[in-house]
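The values are calculated or read from the model by the stated rules, or taken from the named source; none is laboratory data. This one's a predicted model, so the numbers in the text were calculated from it and none came from an experiment. Here the Cβ positions follow ideal geometry from the backbone for every residue, glycine too, while neighbour counts run over all protein chains shown. These area figures cover heavy atoms from the full protein model, side chains too; ligands, DNA and RNA do not enter into them. Shrake-Rupley method; radii C 1.70, N 1.55, O 1.52, S 1.80 Å.
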Amino acid sequence: MTSFYSEPNSNPNMEDINRNDTESSESGMGSFLNPSDLIACQNICHVNICTSISQLVGCVEEFIFPTPLEWLLISMHLMLFSIGVVGNFLVCFVVLRSKHMQTVTNLFIVNLAGADAVVLVLCSPPTVLQEVTETWYLGETMCKVVIFFQNTVVGVSVLTLSAIAVERYFAICRPLKSRITLRKVTITILIIWIVSATLASPNLNNRVVDYFSDPALSGYLTSCDTNLEVDLRIIYNWFIIITLYIVPMIIIAIFYLIISHHLWHVRVPGTAVRTSNHESNQGYRTHAEVQLASRKKVAKMLIAIVLLFAACYFPINLIFILRQAGVLEAYNESSILPVVFMCAHLLCYINSAFNPLIYNFMSVKFKKEFRNVFSCMRRENTPLHHESTWFHSTRMVRQPTNNSNHSASRILRVHDVTYPALTNHRVIDNDDLDNGESV
């Protein structure tokens with residue numbers, strides 16, 4: 001991608017400019033450029049072209065046409081868009097359609113998935129279009145709306161992750177405290193959206209800035225920019241970075257460190273102390289042990305989501321800090337800097353697209369629900385006959401073990417398969433139940 005702030009290719013030669021001006025006037029190719037447009041033209045075009053509007057239009061159109069690297073960027077965004085939209089829709093669908101999936105943590109995850117879907121649908125296409133063409137084509141209204149929602153959903157994401165960390169802390173480390181009800185979750189989610197929208201509200205005053213002053217060129221190389229004064233803009237950007245990235249990441253890190261210490265280093269009452277490999281292979285697990293193992297899985301998944309968010313949003317925040325410190329001024333003429341900007345924005349959309357993949361690979365319940373959705377789709381395309389119809393139910397039983405303690409038992413899944421006009425058939429496997437954990 002050609003640098004938007006690159007220096008002109010050569011110093012203006014007045015003799016060449018006068019000759020080209022005469023040729024343009026005689027051929028009727030267009031009017032002369034005013035001084036401001038002439039300077040702007042020299043930043044992106046050869047100086048010999050900066051003599052008439054018609055020649056400049058051709059140069060600008062060639063400038064904004066995607067390069068091979070930008071076509072690669074577009075392809076990556078399309079892939080992330082497809083994966084992210086489908087994946088986040090499935091997350092919302094499987095939780096909202098199944099009562100047993102509607103737990104406190106999962107409702108927060110639905111809110112996070114909804115925010116990610118909004119980012120991909122509403123923000124990704126305009127961002128790609130502007131980064132590739134360096135032009136804002138969507139007008140004043142979308143300049144306000146898109147940037148407003150983009151900042152809002154980032155706030156929703158980080159505040160939701162913070163709320164999940166707090167909820168997990170009380171569920172694991174303070175289980176005797178008042179549990180969070182679904183009503184409280186709904187109110188919390190509403191507050192998260194209101195606070196995020198309030199923090200993003202200054203973007204509703206955004207405006208479209210023209211690079212060229214001539215009306216014939218006003219549609220090219222425009223940008224969607226804030227209408228705040230320079231000092232207020234810097235203060236606002238620092239405020240957003242501190243309140244929606246630095247402080248939440250510190251708070252989340254503290255809560256998950258406490259949770260991890262409690263899960264992996266504090267012995268929970270009811271769990272057995274393994275003294276040998278022989279005992280661990282007996283298949284004996286108490287209710288407390290099963291619940292502890294499930295909570296560890298949940299914690300690992302949530303920590304992975306937080307780490308992905310922190311890693312993906314770190315470069316874009318670092319770029320702003322370096323820009324404010326003046327470090328990037330020396331690289332304004334480099335063609336690498338725009339590529340760095342594009343990659344930093346791409347990471348933000350990677351975060352939104354990859355969250356459903358984490359749920360699938362690290363959550364047994366989400367994986368099963370995803371499979372059930374696609375299994376239902378396949379069954380809809382397969383004719384069912386009454387003779388082959390069967391019904392399946394799962395319940396929990398305890399089976400005594402060979403342990404010296406005769407009261408010891410292990411939790412088993414019992415699958416009751418009922419065929420019409422036939423006796424019941426029971427199949428037992430050795431998979432442990434999750435005992436009501438959220439994912």
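For residues that are part of a helix (DSSP H, G or I) and open to solvent by 70 Å² or more (accessible area, probe 1.4 Å), tally how many sit in the stretch 150-190.
Summing the residues that are part of a helix (DSSP H, G or I) and open to solvent by 70 Å² or more (accessible area, probe 1.4 Å) in the stretch 150-190 gives 7.
Open to solvent by 50 Å² or more (accessible area, probe 1.4 Å), closer than 30 Å to residue 165 by Cα, at pLDDT 85 or above and among the aliphatic types (A, V, I, L, M) - does that describe any residue in the stretch 89-110?
Yes, the stretch 89-110 contains at least one residue that is open to solvent by 50 Å² or more (accessible area, probe 1.4 Å), closer than 30 Å to residue 165 by Cα, at pLDDT 85 or above and among the aliphatic types (A, V, I, L, M).
So residue 82 ticks every box in (1) of a type outside the set (A, V, I, L, M, F, W, C); (2) open to solvent by 40 Å² or more (accessible area, probe 1.4 Å); (3) farther than 26 Å from residue 60 by Cβ; (4) touching a Pro at 6+ places or on another chain (Cβ under 9 Å) but one. Which box is left unticked?
The failed condition is (4).
Does at least one position in the stretch 322-344 carry a residue that is open to solvent by less than 60 Å² (accessible area, probe 1.4 Å), at pLDDT below 90 and not in a helix (DSSP H, G or I)?
yes
What do you reckon, is residue 34 more than 45 Å from the chain's Cα centre (by Cα) and either among the polar types (S, T, N, Q) or modelled with pLDDT of 50 or more (or both)?
For residue 34, the condition - more than 45 Å from the chain's Cα centre (by Cα) and either among the polar types (S, T, N, Q) or modelled with pLDDT of 50 or more (or both) - is not met.
List every residue pair whose Cβ atoms sit under 7 Å apart, with the two residues 6 or more apart in sequence or on different chains, where the first one lies in the stretch 252-266 and is within 15 Å of residue 171 (Cα to Cα) and the second, anywhere, is surrounded by 11 or more Cβ atoms within 10 Å (Cβ to Cβ) and aromatic (Phe, Trp, Tyr).
Within 7 Å, the pairs are 255/169; 258/169; 259/169.
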